[in-house]
Amino acid sequence: MVWVRSIDVQQKYLIGVDIGTQGTKTALISLEGHIVSDAFEASKLISPSKGVVQQEADDIYLSVINTIFQVITKSGVNSEDVLGIGIDAQMAGIMGIDKEWNAVTYYDSWLDTRCEKYIEQIKKEAEDKVVRITGCAVTYTHGPKILWWKHERPEIYKKIDKFIMPSTYVVGRLAGLKADEAYIDYTHLHFSGFGDVENLKWSDELLSLFKVEKSKMPEIVEPWKVIGGLTEDAARRCNLIAGMPIVAGCGDSAATILGSGITKKGLLFDVAGTASIFACCVDKYKPDVSTKTMLYARSVIPGLWTPLAYINGGGMCLKWFRDNLTGKENMPSYTDLDRDAEKIVPGSDGLMFLPHFSGRVCPNDPNVRGTWIGLSWIHSREHMYRSIMEGIAYEYSYYLKVIKGLLSDVEFSQVYAIGGGSKSILFNSIKSDVLGIKYSTLNASDTAVIGSAVIAGYGVKAFSNMEETVDRFIRIENQIEPNIQRHLEYKKFTGPYEKVFEALGPTIKAISG
């Protein structure tokens, strides 16, 4: 490991990096929480065949190098005034490295569904046990993916010294690590398939049951642990100073949650991004063994948990609709689509949409696919667009029902809405009306970079308390109260929405192959 330079806390800036599905966003953030400059580089998703979604490790690493260089260059800030770097990334996918930190595999994306066979194997052999120990339902996450590599690509599996996250890979490249220094921070652990999330250790029982070597599992660490410092080469390419501290970082959802001020029991939040994530913040561990819907994740903040469920590409449904069904010439903006869809009555005149283009994740049901139900001659483009928003809201209604069943003693009074979709007043209003809960939007919609910067600041001791720091940075800007009449109207649809999966599953399986 390279040396880490000493820190003068009078310096003023931190770097937050968010490696998302659509791309890498990097921001230079002052100690007062202001984004001084930012940069974005789109991801290069590779999907050569059905069910396959992957990224090249070097592409991910270079996206971080490039965007850090851009924010430093654009800002004009002296590199000496940057205290440290925090990186978050996509959570449910994995990759493998050899002893020298070379990528043995591509990044096996959370959108890749080839591991379905091993999801079924885990469910058959130990589903309830896995949910109790890891806190996570068996779905497209690390465990089934590791088994896919073990059984479908055994020669590559043998070369893998450690399975790691994309954020870990980038940090290791920046700091010049070897595989014996590999790590996973605890916000990823529920997705691991073999981690004891409550006791912060690897489960010997689960590893033994599925014959996965413990030696291939990295060390479990705190998100703010300083992992190393920038190598001379990485520092030159980033336009920074060698030895600059880099913390372990966390998952992108965890960073988004922290950066949104979700640091107190009883808050609900909605990440309206590529994935549509709905979750809450509580102070006790209670895995969802019954419905296997909520994924019981650890918050960055010690002692807090953020049970969550998500639609695998919910926000992508709206993008798909705009890009493919609105005409290539004079393609409308999302604002235009919102304006037209606002004229349609709640329930879209009996049109219902299922937002699961690559299978339902929470609870796992690979037979489900995206579809409209109830199309008739009266339905227009505006109906179809609004029904996509309503379909996501109906899914959230189911998640909220499960949350209340698990945590009946916790009162939930409002939802913090973040992510690109939170900019849509119509989308927030539909979700508020369906759920019957107030929706609040924040002064920042891309909060992952803020969360990662706060973690970095805490790691280098620029901040003494993460919760207080985030509270200084984030404030509520707008609030939407639910319309009781529309809430009652939407109740006619949430029940049928829950029942449609069982009815359609066998048919979709038969036609999708």
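Express the relative contact order of region 365-440 as a whole percentage, based on alpha carbon pairs under 8 Å and six or more residues apart in sequence. Answer for region 365-440 is 34 percent.
Model label sites at N78 and Q485, defined 7 Å from Cα along the beta-carbon direction, differ in position by 6.3 nm. Think of each Lys and Arg Cβ as +1 and each Asp and Glu Cβ as -1; about the Cα centre, that makes the dipole of the chain roughly 780 debye. In a DSSP loop and with at most 12 other Cβ atoms within 10 Å, the trypsin sites (Lys or Arg not before Pro) in region 210-247 are K211. Applying 1/(1 + (r/R0)^6) with R0 = 30 Å to the Cβ-Cβ distance of E120 and E155 gives a FRET efficiency near 0.80.
Pick out, in residue order, every one of the trypsin sites (Lys or Arg not before Pro) in region 289-384 that is DSSP loop and has at most 16 other C-beta atoms within 10 Å; say none if there are none. Passing sites in region 289-384 are K328, K343. With the convex hull drawn around the C-alpha atoms of region 223-287, the volume per residue stands at 140 Å³.
When the GluC sites (Glu not before Pro) in region 325-392 are filtered for DSSP coil states and for at most 12 other beta-carbon atoms within 10 Å of their beta-carbon, the remaining sites are E329. Taken over region 13-136, the convex hull of the Cα atoms encloses 150 Å³ per residue.
Among L62, G315, C136, whose Cα lies farthest out toward the positive end of the dipole of the chain, if unit charges sit on the beta carbon of Lys, Arg (+1) and Asp, Glu (-1)? With unit charges placed on the Cβ atoms, the residue in question is C136.
The sum of -39500 (n - 2.57) across all DSSP H runs of n ≥ 4, divided by the residue count of the chain, sets its helix-only mean residue ellipticity at 222 nm to -12000 deg cm²/dmol. Tell me which of G350, A453, T507 sits at the most positive position along the dipole axis of the chain, charges placed on C-beta atoms (Lys, Arg +1; Asp, Glu -1). The one lying farthest along the dipole's positive direction is T507.
Relative contact order of region 13-252: 22 percent, from C-alpha pairs under 8 Å at least 6 residues apart in sequence.
In the chain the Cα-Cα distances spread across 20 Å bins starting at 0 as 24, 58, 18, 0 percent of all pairs.
Relative contact order of region 1-134, taken over Cα pairs closer than 8 Å and 6 or more residues apart, is 25 percent.
Ignoring lysines fewer than eight residues from K319 along the same chain, the ones with Cα atoms less than 22 angstrom from its Cα are K25, K44, K50, K328, K343, K423, K431.
Each Lys and Arg Cβ is given +1 and each Asp and Glu Cβ -1; about its Cα centre, region 13-252 then shows a dipole of about 620 debye. Listing C238, C250 from fewest to most neighbouring C-beta atoms within 10 Å gives C238, C250.
Of all DSSP bridge pairs formed entirely within region 13-252, close to 70 percent run antiparallel. When W377, W148, W305 are arranged by Cβ crowding within 10 Å, least crowded first, meaning fewest neighbours, the order is W377, W148, W305. Over all projection directions, the Cα-based convex hull of region 241-362 averages an area of 12.5 nm². Dimensions of region 13-252 from C-alpha coordinates, computed as largest minus smallest value along each principal axis and given longest first, are 57, 39, 31 Å. Cα centroids of region 60-94 and region 455-513: how far apart, whole angstrom? After rounding, the separation between the Cα centres reads 28 Å.
When each of S413, S49 is scored by the number of other beta-carbon atoms lying within 10 Å, the sequence from fewest to most is S49, S413.
The numbers here are math on the coordinates, done by the rules we state, and not lab data. Remember, predicted model here, so these are calculated numbers, not experimental data. Note that each Cβ is placed from the backbone with ideal geometry, even for glycine, and that neighbours are counted across all protein chains shown.
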